[in-house]
Amino acid sequence: SYPGAPIKEWLANLNQLQESFDIFLAFGNAQLLNLQHHQWLNLNLISMPFIPQDDYDWLLAHCDFNIVRGEDSFIRAQLAGKPFIWNIYPQDDGAHHTKLKAFLDLYLEGVTPQLQDLITEAMEWQSGQDWWNNLPAWTEHAKHWQSALIDRQSDGGLVGRLVKFVS
């Protein structure tokens, strides 16, 4: 995670849900393994080696929930069709807030106000219990979003649309 992300607090909140969680830590986040000593009975932190992109895509698609940070991983998380937090890179001018809001405006279009609030709060690292209790609804939405993204690209993508526009 990027500096400033409240990952310790988020994990502590997750630990309070009284369920068991396997947390896969991407390569480069081994410092989080030190958190394993917090006596968290419900969290199993697993350090992952660097893996090829196809394996990363497979992992995203097979986890119940993902936290991603880079823009490439952000796109891949959407295509995985699973709920996720985008740990967006903080920019000094605050542009990351504008980018996240623009994404959420599109991503949350047409969902219930309750789900909008839950996802927005999750993206801001809040209300772990609320989003976890509503994970089935978020998962359904993520699958719908995934399908819509794939449908939008079925026309050949930008190049196909430009060719169609020019002709």
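The values are calculated or read from the model by the stated rules, or taken from the named source; none is laboratory data. Just so it is clear, the structure is predicted and the values come from calculations on it, not from any experiment. Don't worry about glycine lacking a Cβ; one is built from the backbone with ideal geometry, like all the others, and counts go over all protein chains shown.
Quick grid of which residues meet (1) more than 29 Å from Asp151 (Cβ to Cβ); (2) at pLDDT below 85; (3) in contact with a Gly (Cβ under 6 Å, 6 or more places away or on another chain); (4) of a type in the set (Val, Ile, Thr):
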{"site": "Ile7", "(1), (2), (3), (4)": "yes, yes, no, yes"}
{"site": "Leu14", "(1), (2), (3), (4)": "yes, no, yes, no"}
{"site": "Gln18", "(1), (2), (3), (4)": "yes, yes, no, no"}
{"site": "Leu45", "(1), (2), (3), (4)": "yes, no, no, no"}
{"site": "Leu59", "(1), (2), (3), (4)": "no, no, no, no"}
{"site": "His62", "(1), (2), (3), (4)": "no, no, no, no"}
{"site": "Leu79", "(1), (2), (3), (4)": "no, no, no, no"}
{"site": "Trp86", "(1), (2), (3), (4)": "no, no, no, no"}
{"site": "Leu115", "(1), (2), (3), (4)": "no, no, no, no"}
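Could you identify the single residue in Ile51, Ile46, Ile85 that is surrounded by fewer than 16 Cβ atoms within 10 Å (Cβ to Cβ), in a strand (DSSP E or B) and not small (Gly, Ala, Ser)?
When all the criteria are applied, what remains is Ile46.
Go over the candidates Asp105, Asp117, Asp72 one by one and state the one that is closer than 26 Å to Phe24 by Cβ, in a helix (DSSP H, G or I) and out of contact with any Leu (no Cβ under 9 Å at 6 or more places or on another chain).
Answer to the check: Asp72.
For the range 20-43, which residues satisfy the criterion of being at pLDDT below 85, of a type in the set (Phe, Trp, Tyr) and within 18 Å of Phe74 (Cα to Cα)?
Selection gives Phe27 alone.
Only residues in the range 59-73 that are under 11 Å from Ile85 (Cβ atoms) count as the first member; pair them with residues that are of a type in the set (Lys, Arg), Cβ under 6 angstrom, at least 6 apart or cross-chain, and list the lot.
Listed pairs, sorted by first residue: Asn66/Lys82.
Before we move on, is Trp132 outside any loop (DSSP other than H, G, I, E, B), at pLDDT below 95, surrounded by 17 or more Cβ atoms within 10 Å (Cβ to Cβ) and not aliphatic (A, V, I, L, M)?
yes
Looking for whichever is modelled with pLDDT under 95, exposed (fewer than 15 other Cβ atoms within 10 Å of the Cβ) and among the charged types (D, E, K, R) here; the options are Asp92, Asp105. Which one fits?
Asp92
Considering each of Thr98, Thr139, Thr120, Thr112 in turn, give the residue that is within 25 Å of Gln16 (Cβ to Cβ), free of Cβ contacts under 8 Å to residues at least 40 places away in the same chain, surrounded by 11 or more Cβ atoms within 10 Å (Cβ to Cβ) and of a type in the set (Ser, Thr, Tyr).
Within the list Thr98, Thr139, Thr120, Thr112, the selection yields Thr120.
May I ask you to verify whether Ile119 is under 19 Å from Tyr2 (Cα atoms) and modelled with pLDDT of 95 or more?
no
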